[in-house]
Structures are given as C-alpha cells and as structure tokens.
Amino acid sequence: MKKSICVVGLGYIGLPTSVMFANHGHRVHGVDVNEQAVEGIRNKKLHIEENGLQERLNEAIDSGMMTVSTTPEKADVYILAVPSPIKADKTAEMKYIESASESIVPYLEKGNLVVLESTVPPRTVQDVVIPKLIASGLEIGTELYVSHSPERVIPGRVFEELISNDRIIGGVNEESSRMTSDLYRSFVKGQMHETDDTTAELVKVMENTYRDVNIALANELAKISGEIGVDVWEAIRLANFHPRVNIHQPGPGVGGHCIAVDPWFLVELKPDLAQIIHLARQTNDGMPVYTAKTTKNILKQAGAESGKVAVLGLAFKGNIDDMRESPSIDVIDEMSAHELVVKAYDPHIHVNNIDEQVQTMDDALTGASIIVVLTNHDEFKGLNPKEVADKMSARIIFDTKNCIDRSKWEEAGFDVHILGDSKNQ
Ligand code: SAJ
C-alpha cells in the first residue's frame, strides 16, 4: 500500500531515506529546520555528499513524488531522522529528538505511524518521544502506532546498505512493528527483525559499542606489541584466522558520529555498570595523545626534535571527505601543544578547516623531517617514496594505519615506523 510519508530531518540518513521512499511510489514530504538545505534540495542541489544521491534526488523531485519545506504536513507516516549527538560533557543531546517529536503533534491523526530512525540512548521512545506524542490526544498503540527502526548504513555506501542490510524493527506493540515492516519492505531486501522499541534502541547502540570496544582492544594490543618486539598487524591477521576471532585494527583514534558517540549513551545510562565500555572510550580517545607522543619520540631518536611534521590525512577514515570528529584534529592539536610545526594535507578536503591545513601534497612535504600517515586514503598508499624523499629534510615516516608498503619506503632510504610494530618504534 502506497503511503504519504513526512520525514523530519534531511541529513545523511533522512534525505537518502526520503528519496528511496519517493522513488518507490510513496508520496514524501521532507522537512528540515535548515532553510538553505531545504531551498537547495527543492532545486536538486545537495548539501551533503553521498554516492548515488544526486540521481535519486533528481528523480524524486522531477517525478513530483517528493516535496520539501521547513514545516511538517499531514501524512500517514512520520519518520524522525534528526541528530542525537553528545554534548561536551559526553551526555546525550536530546533537544532535536524532542523538538522533532513536538513538531509533528499538531498533524497527527488516528491510524498514523511514527518511526524514530535516529540512534538514541535506550528508553528514548518511552521516556522522550511518547511523552511528547501523547499531546495529540491519541492512544499510543491503538490510535497512534510508534516504533524505533534504527538506520544502520555506512557513509559512502548508504544506498546499497539501505536496500541490502537487515533492519531491526522495534514497535511499542506488535501492530506498530508490523506496520513499520510493511512500510520498509517497499525497498529493503534484507530481513526485518521485529522486537520491542527499547530492545531495538539497545541493539543499535550495542553494535557500535562492540566495534568501539574491539578497536580499543586492538589499540591496547598495539601498544603492548610495540614494547615486546612484535608486529601487531601480523599478530592480529594471524589471530583472525581463528573461526571465532575478529579483532579490529588499531589506529590514531576513532572518529565519525557513531562509534565514538553511541557508547557514551550506555555510560550515561548506567555509569556503575558500563565499565569496559567507558574504559574503551577512554582508550580510543587517548590514541591521538599516544600518536603525537610517539611522533615526538621518533623525532628525538633521530636527533630531529625541531623537525617539521607532514601529516597526511584529515578525514576520519579512508577515501571519504568527512573530517568532523576526526582523530587527526586531536593528533595535530597535541603535536602543536608539544611545539611541533605541523602541515597537514588531505586530498579529499578542499577547504581549509584548521590553521595547519595546506592544499597541496608539496606544501605538506617540503622541508618536513617526518611524514605521519593518519588516514588510509588510496592516494597515500600509492605515493612514490623516491619522489617524496627529495622534498623532505629527513627521511622518516610514521604510518598509524599500516597502509604503506614498508619495504618500498625502506628501499628509498626511509626510517619506517608503524603503529604497533616494534621494528624501529
Ligand atoms: N576504526 C579503527 N579500527 C577499525 C575500524 C574502524 O580504528 O578496525 C576507526 C576508523 O578509522 C574511524 C572510526 O573507527 O575513525 C569509525 O569508522 P567505521 O567505518 O567503522 O564506522 P562509521 O562511524 O563510518 O559507521 C558506523 C557503522 N557501524 C558499524 O559498523 C557497527 C555503520 O554501520 C553505522 O550505521 C554507523 O556507524 C552509525 O550510523 O551508527
């Protein structure tokens, strides 16, 4: 059955979801508080980057199936896809969820479905969303259906994953879950797993917490390996041949808006119980300091304490252009605090977001004593060490992602250091 759907929040999740529904026969009205973004989308201009989004937006707007504005409209279904970040004190910022829930109340009618897609602290549907929705006067579960169906897609592959990933559907009752599964089945090819709302909330937060704890383990193993004459990358590769072992990769820290955020929801919820989770967060948040200190030590050992540092990579992970919450920023801050002169370059980021940023590889490398690789972009894997060497004042490289070809750099006369590999570290 084709529905009318009002999507509140047209960001990384809300916009792709809106165009998917619109291109699968539903009438979609997208809402955002950002007037510029709304105006842009109306004119088929994107304010975010995502593979395949432009074509799909063009289709949705040209067919007349998708409209946008800054205020909600009457619809059969309301999807809330607004941000739920953490504040400086690491507690959840709920104001967007609250205002989005409030904003739809005047439009709600008997038989409507409200789906919360944002990743949220467990109990948000019960303790934050429902208390707002009851102002509609509708009875929850019989007159107004409510569920949580968290998005689980990875930036860069949103459309593939929207279609192929399984979905967790957490209704406040069975009827709410059933209505939500029916709706998403219009484009989801993965399985629908129905459960209750609070379980669904926990499942989503658990997934990212699992990754964070696993990365913290890898980072701890990297530090241990670095001290006992072992290459952690080789050790992890070998351990992962075990059919029930999947240790993640170490690195200079954990960035992005999900893995470094969601575990804090559990720490806030149950501070006395979420101990490993809290320690993992601290371990990963400590990696930029460790990376900066290791850089300083490497320079000292080489007698180049005052040498310039060429940082390669500002995005929070390889082959994307997103540097928000990137550990690179903290690594650079820490290096500057240790009085190191830093020039940072990222081929995917064309505006200068920090003082240390430069726009050409040459500007970063010229006169540098050490290269510190912080992001595993393909461009860095393919660098020619011989060409690089001519520009630098010393030949040292510290790779925190184990993405360069060590022997090639050694052949070109580089002193090669790899995070978690005690050879040379
Ligand atoms: N990282 C490591 N070691 C690893 C893997 C990642 O240090 O072994 C670092 C990365 O360099 C990066 C950060 O962790 O800085 C996060 O990267 P990511 O690619 O693993 O995750 P995100 O934040 O882009 O997307 C995650 C995904 N969650 C899971 O894989 C469980 C995605 O499916 C979610 O939809 C998304 O969070 C979300 O919205 O929650």
Criterion violated by HIS348 - all others in (1) within 20 Å of the chain's Cα centre (by Cα); (2) farther than 19 Å from MET392 by Cα; (3) more than 13 Å from the ligand (Cβ to nearest atom); (4) at pLDDT 95 or above satisfied: (4)
Checklist (1) in a strand (DSSP E or B); (2) in contact (Cβ under 8 Å) with a residue 40 or more places away in the chain; (3) open to solvent by 10 Å² or more (accessible area, probe 1.4 Å); (4) not basic (Lys, Arg) applied to THR67, failing item: (2)
Set ILE277, ILE259: member being within 16 Å of the ligand (Cβ to nearest atom), part of a loop (DSSP other than H, G, I, E, B) and modelled with pLDDT of 95 or more: ILE259
Test THR119 against the stated conditions and say whether it is surrounded by fewer than 18 Cβ atoms within 10 Å (Cβ to Cβ), on the phi < 0 side of the Ramachandran plot and of a type in the set (Ser, Thr, Tyr). no
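From the list VAL289, VAL267, VAL245, VAL254, pick out the single residue that is assigned to a loop (DSSP other than H, G, I, E, B), modelled with pLDDT of 95 or more, hydrophobic (A, V, I, L, M, F, W, C) and more than 8 Å from the ligand (Cβ to nearest atom).
Of the residues listed, the single one that is assigned to a loop (DSSP other than H, G, I, E, B), modelled with pLDDT of 95 or more, hydrophobic (A, V, I, L, M, F, W, C) and more than 8 Å from the ligand (Cβ to nearest atom) is VAL245.
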Residue among ALA200, ALA235, ALA216, ALA222 that is more than 26 Å from the chain's Cα centre (by Cα), among the hydrophobic types (A, V, I, L, M, F, W, C) and within 16 Å of the ligand (Cβ to nearest atom): ALA235
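For (1) open to solvent by less than 10 Å² (accessible area, probe 1.4 Å); (2) not aliphatic (A, V, I, L, M), each residue gets a yes or a no:
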position	(1), (2)
TYR290	no, yes
THR295	yes, yes
LYS308	no, yes
LYS317	no, yes
ASP321	no, yes
GLU325	no, yes
ASP333	no, yes
ALA337	no, no
ALA344	yes, no
Pairs under 8 Å by beta carbon, first residue of a type in the set (Asp, Glu) in the range 182-202, partner open to solvent by 40 Å² or more (accessible area, probe 1.4 Å), six or more apart or different chains? ASP182/MET1; GLU194/GLU174; GLU194/ARG178; ASP196/VAL172; ASP197/GLN126; ASP197/VAL172; GLU201/ARG123
I'd like the residue in the range 137-171 that is open to solvent by less than 50 Å² (accessible area, probe 1.4 Å) and among the polar types (S, T, N, Q) and, out of all such residues, is farthest from the ligand (Cβ to nearest atom). SER147
List the number of the failed condition for VAL309; all other conditions in (1) under 24 Å from ILE86 (Cα atoms); (2) away from the ligand (no atom under 12 Å from the Cβ); (3) touching a Leu at 6+ places or on another chain (Cβ under 6 Å) hold. (1)
Looking at the range 334-363, I want the residues that are over 20 Å from LYS317 (Cβ atoms) and among the small types (Gly, Ala, Ser) and have a partner that is outside any loop (DSSP other than H, G, I, E, B) and open to solvent by less than 50 Å² (accessible area, probe 1.4 Å) with Cβ atoms under 8 Å, at least 6 apart or on another chain. Which pairs are those? SER336/VAL342; ALA337/ALA292
For the range 282-301: of the residues being in contact (Cβ under 8 Å) with a residue 12 or more places away in the chain and farther than 19 Å from SER336 by Cα, which is nearest to the chain's Cα centre (by Cα)? ASN284
Out of everything in the range 320-342 that is within 16 Å of the ligand (Cβ to nearest atom) and either at positive phi or hydrophobic (A, V, I, L, M, F, W, C) (or both), what residue ends up being modelled with the lowest pLDDT? ILE320
Starting from residues that are without any contact (Cβ under 8 Å) to a residue 60 or more places away in the chain and not hydrophobic (A, V, I, L, M, F, W, C), keep the ones in the range 85-98 and report whichever is farthest from THR119 (Cα to Cα). ASP89
Of the residues that sit in the range 248-270 and are within 27 Å of ALA235 (Cβ to Cβ) and not small (Gly, Ala, Ser), which one is most open to solvent (accessible area, probe 1.4 Å)? GLN249
Can you give me the number of residues within the range 364-388 that are free of Cβ contacts under 8 Å to residues at least 12 places away in the same chain and within 16 Å of the ligand (Cβ to nearest atom)? 0
In this structure, is ILE134 more than 22 Å from the chain's Cα centre (by Cα) and either open to solvent by less than 60 Å² (accessible area, probe 1.4 Å) or within 21 Å of LEU183 (Cα to Cα) (or both)? no
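The values are calculated or read from the model by the stated rules, or taken from the named source; none is laboratory data. This one's a predicted model, so the numbers in the text were calculated from it and none came from an experiment. We place every Cβ from the backbone using ideal geometry, glycine too, and count neighbours over all the protein chains shown. Side chains are part of the model used for accessible areas, which takes the heavy atoms of the whole protein and leaves out ligands, DNA and RNA. Shrake-Rupley method; radii C 1.70, N 1.55, O 1.52, S 1.80 Å.
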